[in-house]
Amino acid sequence: MNMNDRIGVWRSLFVACSCLWSLTAAGQGQTGTAQLTITMTVQSSISLVFQDNPAVGTNGFCPLTNSGTNNVGLDLGSASFTGGDSLTCVAFIKNVGAGFYQVSSAFDVVVTKANSSSPNYRLAAQISAAPPANVTWLINNIALTNSAFTQLDATDNYATPITKTLQVQVKNPVPAQVLQETITFLATAN
Amino acid sequence: MAALMLWSAALFAQNPTATGTINATLINKSGISLVFDSDPGGVALGNNGSSTASLNFGVISAFGPLAAGVTRPVVGANSYTVRTLFDVQVIQAGSTSPNYTLTAQLAAAAPTGFAYAVDAVTLTTAAQTIQTNGTYGTDVQHSLNLTVSTAAPGAGGPAVGTPISATINFTATSN
């Protein structure tokens with residue numbers, strides 16, 4: 001191979017490399033841009049959940065099912081004026097009134113606020129149906145009705161467990177039956 | 001003699017011709033484009049399929065109802081997050097690039113009480129890398145996560161009851 005041939009080979013290699021470099025360069029570093037505009041409107045809100053009281057399991061503090069949510073269950077067992085209650089976690093009082101017995105259990109209510117300057121809230125409750133005669137449902141000694149919300153507290157603090165006691169008072173002549181209510185609690189920001 | 005005369009007649013019967021050439025040149029440049037597409041699991045984008053789309057979360061709150069396509073994966077003591085999905089499609093032409101890198105940045109500082117993230121990447125006004133190996137020519141799903149302080153307005157929380165906007169600039173760069 002003479003000098004001219006060598007130059008030719010090197011020239012060919014150089015051209016080939018340049019082409020490869022050009023191809024590679026053509027595929028890299030290209031950019032495309034786009035713009036996404038986000039919009040939202042923030043609204044104040046509060047939430048209410050029921051929680052087991054720290055004393056849960058002891059007398060007067062039965063466990064909730066689905067504790068930590070806003071839809072819980074509370075089983076008060078079975079009770080009679082003469083025999084007391086079947087559950088040890090239920091507080092039973094005989095002769096709470098003339099011929100009445102009472103079963104009760106306490107739990108906590110926690111109301112949380114977000115994006116609100118509300119200083120506190122008021123709490124009310126309502127039972128779902130009229131109870132039988134001589135049966136009364138109460139929260140902290142305040143009788144509930146199914147016709148309207150009954151205010152329980154006027155200025156409860158947010159994010160603080162508020163202990164509430166559900167009481168059911170039953171008089172002697174009430175026939176044996178299942179007593180059941182859905183109690184709706186309403187927290188309203190002040 | 002007769003044959004010679006016939007040949008001459010044929011010569012005179014041919015149409016005259018002329019030829020020319022055009023030396024045409026087209027420089028086929030490489031390029032990529034980026035558009036936003038609505039994701040089936042997210043909110044419907046305004047200007048869907050374009051490079052200047054809009055995304056409306058609607059009314060958001062820590063505990064209240066949300067618009068269709070918006071979820072609330074986290075509610076904490078100090079903040080909550082609302083999320084929606086959107087798709088990015090990057091198209092290449094005249095390029096041998098195998099994939100692309102996607103970056104995003106806020107056009108301006110986030111409003112008080114807000115933090116924005118695409119996928120798991122929190123956005124700032126500097127470009128943040130979202131993805132390093134995006135596939136061309138197909139919708140690539142991304143999540144837009146908006147973390148909102150639960151603080152009250154004026155106490156570190158966002159303004160309430162008024163629409164708040166932010167703009168995110170996306171850039172796709174061919175690898």
Suppose we filter the range B:33-68 for residues that are at the interface with chain A (Cβ under 7 Å from one of its Cβ atoms) and in contact (Cβ under 8 Å) with a residue 40 or more places away in the chain; how many remain? 8
Residue satisfying condition, being among the aromatic types (Phe, Trp, Tyr), closer than 23 Å to B:Pro40 by Cβ and in contact (Cβ under 8 Å) with a residue 60 or more places away in the chain, within set B:Tyr116, B:Tyr136: B:Tyr136
Only residues that are within 9 Å of another protein chain (Cβ to nearest Cβ) and more than 24 Å from B:Gly41 (Cβ to Cβ): list them for the range B:69-92, please. B:Ala77, B:Gln92
Quick check on my filter: what residues within the range B:141-169 are more than 7 Å from chain A (Cβ to nearest Cβ), assigned to a strand (DSSP E or B) and surrounded by fewer than 17 Cβ atoms within 10 Å (Cβ to Cβ)? B:Gln141
Selection over the range B:128-139 where residues are surrounded by fewer than 18 Cβ atoms within 10 Å (Cβ to Cβ) and more than 13 Å from chain A (Cβ to nearest Cβ) yields a count of 7
Return a yes/no flag: does the range A:81-96 have any residue that is exposed (fewer than 15 other Cβ atoms within 10 Å of the Cβ), of a type in the set (D, E, K, R) and modelled with pLDDT under 95. yes
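The values are calculated or read from the model by the stated rules, or taken from the named source; none is laboratory data. For clarity, every value in this text was computed on a predicted model and none was experimentally measured. Glycine gets a Cβ as well: all are built from the backbone with ideal geometry, and neighbour counts include every protein chain shown.
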